[in-house]
Amino acid sequence: KDEPQLSEAQMGLARVLAALGKTEEAIQVYQSALEKNPESTVLRTNLATALAASGNHAEGLKEMEKVLEQVPSDDIAQIGAIRMLTDLRQDKEALNRSLEWLKEDPGNTALQAHVGIIYAKFGDFERATPYLESSLVDGVPRQFVHRMIARSYTARSMVVEATEHFRKELEFFPFHRETRHDLGRTYLAMEKWDDAAAEYQFLCEMNAEDVRARNAWAQAVFNTGDYDLAKTILSPALTADPPDAHVVMLQANIVDKLGDRAAAQVLFEQAKELRANEVAQEAEEL
């Protein structure tokens, strides 16, 4: 109030608001500050980031482009633009820009990481891996780098190496659900049932309604031969609406192992019908 032209104070206020989860208020403060300081690339970069955080990636990208018009070599704005392009599913444009900027700054590890991640998303692990590995040299944790390296090993059936990188990714980003699913699947492939169960249990503790994780947790325990525990774990997933074919099939196997062949057969037929319906629906969507 005392110094309305002081952009540093307004930026500080906006950052605190954003940290408190008040993104829309933060955006308003940034916009107000920019009206008084329209040439500030720092304010505009922060506004773009706040817009993207609110889910408005297109508007965020527009603001980031304005920064790049002022300072084409601004590496923070470059990385921000790439992230927003990928959030907008414009991966080819993000890749082309990243490669172009890398020509000007070949040692930029953040750009290397994004190039590698995008190539990996395209399934081109041969091109992705050198960029991903080069991006690790500065020791800065960047989400998806270790995960994509792990996936490149998975594609070559090198599950031990894949496991190491999935674990490294989760060391830095422990609450990314799909990475933990990846690691769980890898443990299942290695027949490390207890390790797989631990990963899926973690996922269920994060979200008790995660049917996919609960089914996989119960499957891992089932594979150890503890059918009673597998039944207990799977039970909440049986209330899903609509029922999941894989869950019902696993329940059929559990019931069969516990000695009720007739009930297992009923469940088995139900699972087949559910799966047929799922396949038909998937075909319609295509």
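The values are calculated or read from the model by the stated rules, or taken from the named source; none is laboratory data. Model, not experiment: these values are computed from the prediction. Here the Cβ is made from the backbone with ideal geometry for all residues, glycine too, and neighbour counts use every protein chain on show. The area values use the complete protein model at the heavy-atom level, side chains included, leaving out ligands, DNA and RNA. Shrake-Rupley method; radii C 1.70, N 1.55, O 1.52, S 1.80 Å.
Out of curiosity, is residue 54 more than 17 Å from residue 74 (Cβ to Cβ) and in contact with a Gly (Cβ under 9 Å, 6 or more places away or on another chain)? Explain how you work it out, then say what you get.
On the way: more than 17 Å from residue 74 (Cβ to Cβ): yes; in contact with a Gly (Cβ under 9 Å, 6 or more places away or on another chain): yes.
The answer is yes for residue 54.
On the stretch given as the range 119-142, residues that are within 15 Å of the chain's Cα centre (by Cα), open to solvent by less than 70 Å² (accessible area, probe 1.4 Å) and not small (Gly, Ala, Ser) total 2.
Scanning the range 17-30 for residues that are open to solvent by 80 Å² or more (accessible area, probe 1.4 Å) and more than 13 Å from residue 49 (Cβ to Cβ) gives 20, 22, 24, 25, 28.
Conditions tested, residue by residue: (1) farther than 24 Å from residue 108 by Cα; (2) in contact with a strand residue (DSSP E or B) (Cβ under 6 Å, 6 or more places away or on another chain); (3) of a type outside the set (A, V, I, L, M); (4) at pLDDT below 95.
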| site | (1), (2), (3), (4) |
| --- | --- |
| 124 | no, no, yes, no |
| 129 | no, no, yes, no |
| 135 | no, no, yes, no |
| 146 | no, no, yes, no |
| 153 | yes, no, yes, no |
| 162 | yes, no, no, no |
| 169 | no, no, yes, no |
| 174 | yes, no, yes, no |
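Inside the range 161-177, residues that are touching a residue at least 24 places away in the same chain (Cβ under 8 Å) and in a helix (DSSP H, G or I) make up a count of 5. Looking at 31, 70, which one is touching a Leu at 6+ places or on another chain (Cβ under 7 Å), farther than 26 Å from residue 139 by Cα and polar (S, T, N, Q)? So the residue among 31, 70 that is touching a Leu at 6+ places or on another chain (Cβ under 7 Å), farther than 26 Å from residue 139 by Cα and polar (S, T, N, Q) is 31.
Residue pairs whose Cβ atoms lie under 8 Å apart, sitting 6 or more positions apart in sequence or on different chains, and linking a residue in the range 195-222 that is closer than 10 Å to residue 233 by Cβ to a partner that is surrounded by fewer than 20 Cβ atoms within 10 Å (Cβ to Cβ) and aromatic (Phe, Trp, Tyr), are 220/193; 221/193.
Look at (1) open to solvent by 40 Å² or more (accessible area, probe 1.4 Å); (2) over 21 Å from residue 86 (Cβ atoms) and you find that residue 66 fails only one, number (2).
Against the definition (modelled with pLDDT of 95 or more, farther than 30 Å from residue 174 by Cβ and in contact with a Phe, Trp or Tyr (Cβ under 6 Å, 6 or more places away or on another chain)), how does residue 267 come out, yes or no? For residue 267, the condition - modelled with pLDDT of 95 or more, farther than 30 Å from residue 174 by Cβ and in contact with a Phe, Trp or Tyr (Cβ under 6 Å, 6 or more places away or on another chain) - is not met. Within the range 108-117, not a single residue is at pLDDT below 95, open to solvent by less than 20 Å² (accessible area, probe 1.4 Å) and either closer than 30 Å to residue 153 by Cβ or not in a loop (DSSP other than H, G, I, E, B) (or both).
Taking the range 270-286, which residues are open to solvent by 80 Å² or more (accessible area, probe 1.4 Å) and either in a helix (DSSP H, G or I) or β-branched (Val, Ile, Thr) (or both)?
In the first step, residues of the range 270-286 are kept if they are open to solvent by 80 Å² or more (accessible area, probe 1.4 Å); the result is 272-273, 275, 277, 281-282, 284-286.
Listed by number, the residues that qualify are 272, 273, 275, 277, 281, 282, 284, 285.
Residue pairs whose Cβ atoms lie under 6 Å apart, sitting 6 or more positions apart in sequence or on different chains, and linking a residue in the range 112-133 that is of a type in the set (S, T, N, Q) to a partner that is surrounded by fewer than 22 Cβ atoms within 10 Å (Cβ to Cβ), are 112/134.
Residues in the range 189-243 that are charged (D, E, K, R), open to solvent by 60 Å² or more (accessible area, probe 1.4 Å) and assigned to a helix (DSSP H, G or I): 194, 195, 205, 212, 228, 231.
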